[in-house]
Structures are given as C-alpha cells and as structure tokens.
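Scroll down for the structure; my scribbles are underneath it.
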Amino acid sequence: MPRYFTQYWTNETWDIESEEDFDHTADDRFRERGISIGDFVYLVTVLDGQMLLGSRMKVAKIVDQAEAERLFGMSLYPATDHLIGQSPFKRFKKDRPVPVEIAEKLRFVSKTATRLKFKSPGVLDNQTLREIRELTGESAKLLDSLLEIRKHEDKKAQDWTDDEVKKAVECYFEMLVKELKGQAFSKTAYINRLLPQLNGRSKGALEFKLRNISAVLNDFRLKFLTGSVPAANKQHRLTEEVSDNLERHPDVADLLYADANAPTAAPKSKHDRYVGPEPTPKNTAFPKTGSGVHRQSARGIDFAARDARNKALGKKGEDWVVENERLYLKENGRADLIGGVKWVGDQCLGYDVESFELNGKPKFIEVKTTNSSNKADFWLSSNEFDFAEAHPGGYYLYRLYQFSKDPRHFVLKPPLKKCLDLVPSEYRAHVHFS
C-alpha cells in the first residue's frame with residue numbers, strides 16, 4: 001500500500017520555481033522518513049497563513065546526488081535523497097490555495113500532532129508543515145480533489161483582463177500609500193472589497209497578483225508592500241499598468257523616496273543589532289530556461305533622483321555599520337581596535353567598511369541597504385562579487401532592511417552562490433571591427 005507525505009518548500013523556493021512538470025525534488029530526510037518507491041509526495045507551502053498546494057508526485061526512483069545530476073544533465077540542489085517522479089507528471093502551480101475547511105480536515109500519522117496548527121481562526125502557523133509529514137489516506141484524497149478541480153479550471157481559465165489588472169494595481173497602491181504614510185489598514189478588507197469586482201477570481205489568485213505587482217516594483221528598485229513578497233511570472237500588461245499608475249500619480253513616487261532621508265536610529269545593544277533570518281538555499285535546480293532577466297523601465301519615475309536617493313540611503317547604511325562595528329568591539333573588550341574601523345566605500349575596493357574580528361583579523365564588509373523588507377532584491381557588482389570569492393575568510397555581506405523605521409540585518413558569507421540567486425542584468429558590449 002502506498003503512503004502519502006507532504007514536503008514543504010520555503011516561499012523563496014516557491015517563487016523562483018518554474019510552473020513545469022513536478023518530476024523531481026530533493027531533501028536529506030526522505031529515506032529517513034520512510035518514503036519508498038510507489039509512495040506519493042504532495043508539495044506544499046504556507047504563505048500569509050494560507051496553505052498552498054503546488055503539485056503531487058508518485059515516486060519512481062530514489063537516487064543520490066550524482067545519479068540525479070546525471071539523469072537531469074544539470075547541477076541540482078545538494079541533498080542526500082533525490083526523488084524522481086513517475087510519468088504522467090502533475091504541473092507545479094504556485095497559486096493553488098487549500099481552502100481552510102479542507103486544511104482543518106487534514107490528518108497526519110503522528111503520535112503527537114495529528115492536525116495542522118492554526119495560530120488564529122483560519123490562519124495557519126507558518127511552522128506547521130515545515131517537517132516532512134505523513135498524511136492519512138483520506139487526507140490525501142482531499143488534496144487529490146483539489147488537483148482534479150484545478151485541472152478542470154485550468155481548461156477554462158482566462159488571463160486577467162485589462163480592467164481586472166487596473167483594479168488590482170489601484171488596490172495595491174492604495175494600500176502602499178497608507179503604509180508609506182504610516183496609516184493603519186487591513187489588507188484582508190481591501191481584498192474582500194475587490195474580489196466581487198473581479199471575474200470569479202479566488203482570494204489566492206488575487207493575493208498572488210498583488211505579489212506580481214511587488215515583483216514589478218522590485219524590478220524598478222522601488223519599495224513594495226510589506227507582506228506581499230515579490231512573485232515572478234508577471235504579465236507584461238501588469239508592468240505597463242504599474243508604470244501608468246506611477247505616471248498618473250507622481251505623488252506616489254515622492255512617497256516611495258520620502259523615507260530615504262528619514263532619521264535612522266543608531267545601533268543599540270548587541271541583542272538589538274543582530275536580528276534577521278538565515279538565508280535558505282533553494283530546494284530545486286536553477287530555472288531551466290533563460291540566463292537573464294529583462295527589466296523594463298517605469299514611466300513617471302525620475303531615475304536620476306531615484307539613484308541619488310538610493311546612493312544617499314546606501315551611505316547611511318554604511319555609516320550605521322561603522323557605528324555598529326565599533327559598538328560590537330567595545331562591548332566585547334576590544335576597544336583598542338575601534339580606531340581602525342572605517343568607511344572605504346569611495347575607493348572601489350569591492351567592499352564598504354573595514355573592521356576587525358575579535359581576534360584582530362581584518363573584516364571586509366559590503367553593505368546593502370533597503371527600506372523594504374528582507375525579501376527585496378539587491379545589486380552586486382562584478383568587482384564586489386570577485387572580491388568576495390577571493391577573500392572568503394574575511395568577507396561579510398551585511399543586508400540591512402526596514403532601515404529607516406526599524407533597522408535590521410542579516411549576514412551572508414562566501415561562497416555567495418550558495419545563498420543567492422545571481423541573475424545577470426547588464427552586459428558589457430564590445431564592438432567587432434572587421
């Protein structure tokens with residue numbers, strides 16, 4: 001008899017995965033959890049308290065890293081166990097929500113936690129599906145019913161109309177303006193008010209469209225709505241509508257930059273400074289198609305002014321790190337090293353700040369600052385990347401986020417390719433003369 005399991009993917013992995021056949025996944029614990037050939041694996045995540053169902057795989061093979069890479073002819077996420085699916089495959093879909101009434105009925109084979117954990121009515125705890133969990137047969141049937149329903153819906157699914165796109169963008173910017181002004185609002189209330197105006201779209205579909213809008217703003221290097229993590233696969237029409245909206249409302253662009261010059265709190269105690277998530281490697285191979293990304297420019301944005309403000313924000317972040325490092329050394333009994341902590345961001349060295357480890361060894365710190373969340377992309381020059389690869393022992397990348405309101409940061413160490421998706425966005429052009 002087959003057994004049924006859920007595998008959790010992080011929101012970051014969910015976003016970057018292409019909507020293709022679900023024919024492979026990897027983890028270090030598949031065999032340890034008892035997964036065998038003929039069993040079924042359901043791909044899930046939790047986004048803003050809602051369970052999403054990506055796809056289902058029937059296991060045909062369980063192989064090691066080398067065999068998996070041989071089969072697919074590409075580098076894959078490093079893991080002990082790789083599952084190879086049995087044809088026919090189910091396509092991975094990013095925006096398939098599991099209704100609350102079904103999530104509440106799901107049962108798991110466990111001595112302690114047989115149900116999903118909700119932190120409030122209808123809102124799942126983000127940790128409740130993190131482990132590989134075994135479903136009961138009846139619960140697997142409930143998820144199968146969603147896969148079948150979606151298959152029939154896909155046949156009659158239609159692209160978002162111009163009117164729907166316009167309404168979604170207007171709704172998004174109304175919320176963003178309130179956030180930038182520090183005014184309270186309910187995202188759920190906005191969504192519930194907009195849904196009846198759309199062509200039978202689900203709540204999950206609308207929330208995903210809002211995340212698409214965040215992706216457009218992220219491409220424009222602008223602040224996006226907190227809680228709407230950028231998601232790919234956006235329509236070209238959506239990019240145009242966001243540009244049109246910015247052009248119609250230049251006051252919104254001004255708000256997007258207003259907090260770049262806001263006063264920033266100085267570093268406090270070490271307990272307040274070091275906050276932030278550890279970066280999580282992807283769960284699958286890099287996307288199979290495309291080596292770069294097209295970034296369209298937005299109308300209605302003064303890009304020279306934007307770049308000047310971003311540069312000013314970057315300098316503020318670098319100054320903050322200098323004080324941060326000095327305070328860290330002082331608190332740990334190395335006040336003798338404070339005089340050597342300095343900003344060198346104007347010297348094109350491949351990093352911004354020179355500091356020290358507690359043992360006196362030099363630290364080379366690159367600083368990337370944003371007023372957006374920790375999900376916002378940032379840009380890394382070839383000079384910065386090359387220096388990081390050449391100095392893995394002393395190099396640190398400090399990612400500062402929510403900077404003007406509540407400065408937080410996390411730290412990355414080389415090799416940067418293990419925790420970052422590096423996408424080429426510019427090309428050096430050399431003219432060939434005959």
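From the residues in the range 323-338 that are acidic (Asp, Glu) and free of Cβ contacts under 8 Å to residues at least 60 places away in the same chain, which one is nearest to residue 363 (Cα to Cα)?
Out of the qualifying residues, it is 325.
Identify all residues within the range 172-217 that are farther than 24 Å from residue 16 by Cβ, in contact (Cβ under 8 Å) with a residue 24 or more places away in the chain and outside any loop (DSSP other than H, G, I, E, B); write none if there are none.
173, 175, 177, 179, 180, 194, 197
Go through 356, 410 for me and flag whichever is aromatic (Phe, Trp, Tyr), surrounded by 12 or more Cβ atoms within 10 Å (Cβ to Cβ) and free of Cβ contacts under 8 Å to residues at least 40 places away in the same chain.
On inspection, the qualifying residue turns out to be 356.
Of all residues in the range 28-40, which are farther than 12 Å from residue 58 by Cα and buried (at least 20 other Cβ atoms within 10 Å of the Cβ)?
30
Looking at this structure, is residue 25 of a type in the set (Ser, Thr, Tyr), on the phi < 0 side of the Ramachandran plot, in contact with a strand residue (DSSP E or B) (Cβ under 8 Å, 6 or more places away or on another chain) and surrounded by 21 or more Cβ atoms within 10 Å (Cβ to Cβ)?
Yes, satisfied.
Residue under question is residue 413, and the condition is that it be of a type in the set (Lys, Arg), in contact with a Phe, Trp or Tyr (Cβ under 7 Å, 6 or more places away or on another chain) and closer than 22 Å to residue 315 by Cα; does it hold?
On the way: of a type in the set (Lys, Arg): yes; in contact with a Phe, Trp or Tyr (Cβ under 7 Å, 6 or more places away or on another chain): yes; closer than 22 Å to residue 315 by Cα: yes.
Criteria met by residue 413.
Mind listing whichever residues of the range 105-134 are in contact with a Gly (Cβ under 9 Å, 6 or more places away or on another chain) and either of a type in the set (A, V, I, L, M, F, W, C) or over 20 Å from residue 39 (Cβ atoms) (or both)? Lay out the reasoning, then the answer.
Step one: of the range 105-134, the residues in contact with a Gly (Cβ under 9 Å, 6 or more places away or on another chain) are 118-120, 122-126, 134.
Correct list: 118, 119, 120, 122, 123, 124, 125, 126.
Hey, which of the helices (runs of 4 or more DSSP H) in the range 1-112, taking only ones fully inside, have at least 1 residues that are under 30 Å from residue 207 (Cα atoms)? Quick ask: steps written out before the conclusion?
Working: elements: 11-16, 65-72, 100-103.
Output list reads 11-16, 100-103.
Hey, could you check the range 365-407 for residues that are free of Cβ contacts under 8 Å to residues at least 40 places away in the same chain and touching a Pro at 6+ places or on another chain (Cβ under 7 Å) and say which is surrounded by the fewest Cβ atoms within 10 Å (Cβ to Cβ)?
By that ranking, first place goes to 392.
Can you name the number of the only condition in (1) touching a Phe, Trp or Tyr at 6+ places or on another chain (Cβ under 7 Å); (2) assigned to a helix (DSSP H, G or I) that residue 239 fails?
Of everything listed in (1) touching a Phe, Trp or Tyr at 6+ places or on another chain (Cβ under 7 Å); (2) assigned to a helix (DSSP H, G or I), residue 239 misses just condition (1).
Out of all the residues in the range 182-195, which are touching a helix residue (DSSP H, G or I) at 6+ places or on another chain (Cβ under 7 Å) and either aliphatic (A, V, I, L, M) or under 17 Å from residue 250 (Cα atoms) (or both)?
Those that are touching a helix residue (DSSP H, G or I) at 6+ places or on another chain (Cβ under 7 Å) and either aliphatic (A, V, I, L, M) or under 17 Å from residue 250 (Cα atoms) (or both): 191, 194, 195.
If a residue has to be at pLDDT 85 or above and in a helix (DSSP H, G or I) to count, how many in the range 391-417 make the cut?
1
Could you please let me know if residue 51 is within 25 Å of residue 120 (Cβ to Cβ), among the aliphatic types (A, V, I, L, M) and either assigned by TED's automatic domain parsing to the domain that holds residue 141 or out of contact with any Ser or Thr (no Cβ under 6 Å at 6 or more places or on another chain) (or both)?
So residue 51 fits the description; yes.
Being more than 25 Å from residue 230 (Cα to Cα) and assigned to a loop (DSSP other than H, G, I, E, B) is true for just one of 376, 429, 388. Which residue is that?
So the residue among 376, 429, 388 that is more than 25 Å from residue 230 (Cα to Cα) and assigned to a loop (DSSP other than H, G, I, E, B) is 429.
What number of residues within the range 179-212 satisfy the criterion of being surrounded by 22 or more Cβ atoms within 10 Å (Cβ to Cβ) and under 15 Å from residue 373 (Cα atoms)?
1
The values are calculated or read from the model by the stated rules, or taken from the named source; none is laboratory data. In this text, all values refer to a predicted model and were calculated from it rather than measured experimentally. Glycine also receives a Cβ, built like all others from the backbone with ideal geometry; neighbour counts cover every protein chain displayed.
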